[in-house]
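To start, the structure under review is shown below, and the notes come after it.
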């Protein structure tokens, strides 16, 4: 597929007579070639708007570390074509928002902010004339706050994030049902923004409210469990910020328990499980309690195994924990650095990792992971740690 896509880029007639008819019939086939094939196709001059639209519609709806760089390149060309062809403000706002999300997934953090700002600009006008656009405006404002956070502009992000929370509170008061989950999402993100500015008590309050919302929603629908795991992990980080380590540990373990339950059902959740394990490693930092530190090493080892499979997540995770104290982030930095090493050619004389016996709780965690995972690499990691 990479060869065919590259050939179509260099010799346009090969695309129109060979590859493109195949992709029109089976647009998902392009994924076989990964990002390289997607980038080559995006740069093929004879690939028209209808073909790109069909391929974009067949791409994963969740972030995918293998495809996201190529999807971003393809999405830029597809969006520019659509913006020219469709001048309806509502559709233009949707196109800018979709592209911002794809660019962010690919780690191109400078570009999403401009797209979110344009989306907000359009939707403010539309919402002023028709309140039905207010939920979309709230979503766009939340996206703008996230883009500012990704760029390290925390003060600016706080102001925008406060607006997103306020608008979603208004929507919940008007009609709780469809908007409560989005309020929980905004509160969770707002907690992270406040934490970045070291306003830990306010961040804790926002995280607690988000957990309460998703606990209520989880009693009504299992679909809310994924978001509950996220908010529990966020609350755990907030407790760590305040030095309340026992409560932090309880929240991270509960979050990880939910992740493990879901892992066997949705393989795409593996990346989130890796981050939950990394957060657990931070909670189990060395604070004078030898048992916790031993468990922290175990969580770090398991987190390394998952992070190794998602190298695109390493820079963001490393940056996130660099903002915390040296002691608090030592465990997760070790996991990240070891995962990075696994993605580089092995050093000629790297010393072997020492093997230690696992305490009971760590053994239970790894047992659940071993039962849920089918990935052979993760299984090898778990068995090696036990041997």
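The values are calculated or read from the model by the stated rules, or taken from the named source; none is laboratory data. What you see is a predicted model; the values in this text were computed from it and never measured. Methodologically, a virtual Cβ is constructed for each residue, glycine included, from the backbone with ideal geometry; neighbour enumeration extends over all protein chains shown.
A few notes on this one:
- Exactly one residue among 115, 124 is farther than 20 Å from residue 235 by Cα, at pLDDT 95 or above and crowded, with 18+ Cβ neighbours inside 10 Å, and that residue is 115.
- Members of the range 198-212 that are over 19 Å from the mean Cα position of the chain (by Cα), closer than 21 Å to residue 149 by Cβ and in a helix (DSSP H, G or I): 200, 201, 202, 203, 204, 205, 206, 208, 209
- Condition check for residue 14: farther than 28 Å from residue 118 by Cβ and either touching a residue at least 60 places away in the same chain (Cβ under 8 Å) or crowded, with 17+ Cβ neighbours inside 10 Å (or both): yes
- For the range 215-233, taking the residues that are closer than 27 Å to residue 148 by Cα and surrounded by fewer than 24 Cβ atoms within 10 Å (Cβ to Cβ), the one that is nearest to the chain's Cα centre (by Cα) is identified as 230.
- Remark: residue 120 matches the filter, which requires a residue to be assigned to a helix (DSSP H, G or I), closer than 29 Å to residue 42 by Cα and touching a helix residue (DSSP H, G or I) at 6+ places or on another chain (Cβ under 6 Å).
Per-residue answers, yes or no, for (1) surrounded by fewer than 19 Cβ atoms within 10 Å (Cβ to Cβ); (2) assigned to a helix (DSSP H, G or I); (3) touching a strand residue (DSSP E or B) at 6+ places or on another chain (Cβ under 8 Å):
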| site | (1), (2), (3) |
| --- | --- |
| 21 | yes, yes, no |
| 31 | no, yes, no |
| 37 | no, yes, no |
| 57 | yes, yes, no |
| 65 | yes, no, no |
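- Residue 271 being in contact with a helix residue (DSSP H, G or I) (Cβ under 9 Å, 6 or more places away or on another chain), in a helix (DSSP H, G or I) and modelled with pLDDT of 85 or more: no
- Residues located in the range 67-93, provided they are in contact (Cβ under 8 Å) with a residue 12 or more places away in the chain and either outside any helix (DSSP H, G or I) or under 19 Å from residue 124 (Cβ atoms) (or both): 67, 83, 89, 90, 92, 93
- One residue alone among 177, 143 is at pLDDT below 95 and part of a helix (DSSP H, G or I), and that residue is 177.
- Residue check for residue 202: in contact (Cβ under 8 Å) with a residue 12 or more places away in the chain and closer than 19 Å to residue 184 by Cβ: no
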